[in-house]
Amino acid sequence: MTDISHGAGEQPLTPPPPKSARYLFCFVLLLLEAFVALFFALVLYGLRITDGQTAALIGGGVGALALASAGLMRTRVGLVLGTVTQVALLAAGILLPDMILLGIIFAILWGVSVYLGTKIDRERGERYEAELAHFRASGSLE
């Protein structure tokens, strides 16, 4: 078995820590929701459900909430704001009933993203610890 080494000093490297699946799943979903909020505002204005300023405030508010949640996704606050974003998207159904179905779909995807992402992260963490133990046992790490 060969040691993992790097460069001129030939010092052993540790395996890289795993990336977060939950972060990736939730981040992408929230970015998609920001686009949905933009299109929601355009539909509100285009169908003359509200005036342009109100449509922009509602769509912009939900979109900004989704983007803020995505930006804070590495923290607990991001998860809470992401959940609030799901509620806001569902509440958009008050103005446009078609948004209720879209809000339900995104809420289900949110739950699946959080659940499966957490499960994958836990399994990756266990594997990472096993890899570190293997490298320590083989003398590759000090």
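Taking all protein chains as shown and a probe of 1.4 angstrom, Ile108 keeps an accessible surface of around 100 Å².
Given a 1.4 Å probe and the protein chains as shown, Thr83 ends up with an accessible area of around 70 Å². With θ taken as phi - 60° and the Karplus curve 6.51 cos²θ - 1.76 cosθ + 1.60 applied, the whole-hertz 3J(HN,Hα) list for the stretch 115-129 is 5, 5, x, 5, 4, 5, 4, 5, 5, 5, x, 5, 5, 4, 4 Hz, x standing for glycine and proline. Each principal axis of the stretch 26-142 carries a Cα extent, and these read 70, 22, 19 Å when sorted largest first. For Leu96, the amide hydrogen comes within under 5 Å of no other amide hydrogen, counting only partners 5 or more places away or on other chains and with H modelled in the peptide plane.
At a 1.4 Å probe, what is the % contribution of carbon and sulfur to the accessible area of the stretch 1-122? That share works out to 72 percent. A simple rule links phi to the HN-Hα coupling: the Karplus curve 6.51 cos²θ - 1.76 cosθ + 1.60 with θ = phi - 60°, which for the stretch 72-88 gives 9, 4, 6, 10, 5, 4, x, 5, 5, 5, x, 5, 5, 4, 5, 5, 5 Hz, with x for Gly and Pro. Relative to the longest principal axis of the Cα atoms of the chain, the long axis of helix 21-46 makes an angle of roughly 20 degrees. For every helix of n ≥ 4 consecutive DSSP H residues, a contribution of -39,500 (n - 2.57) applies; sum these over the chain, divide by its total residues, and give [θ] at 222 nm rounded to the nearest 500 deg cm²/dmol. Here the helix-only value at 222 nm equals -25500 deg cm²/dmol. For the chain, with a Gaussian network of springs between Cα atoms less than 10 Å apart, report the residue from Leu29, Leu79, Leu13 with the top mean-square fluctuation. Greatest mean-square fluctuation among the candidates belongs to Leu13.
The values are calculated or read from the model by the stated rules, or taken from the named source; none is laboratory data. Quantities reported herein were computed from a predicted structural model and do not represent experimental measurements. For accessibility, only protein heavy atoms count, side chains too; no ligands or nucleic acids. Shrake-Rupley method; radii C 1.70, N 1.55, O 1.52, S 1.80 Å.
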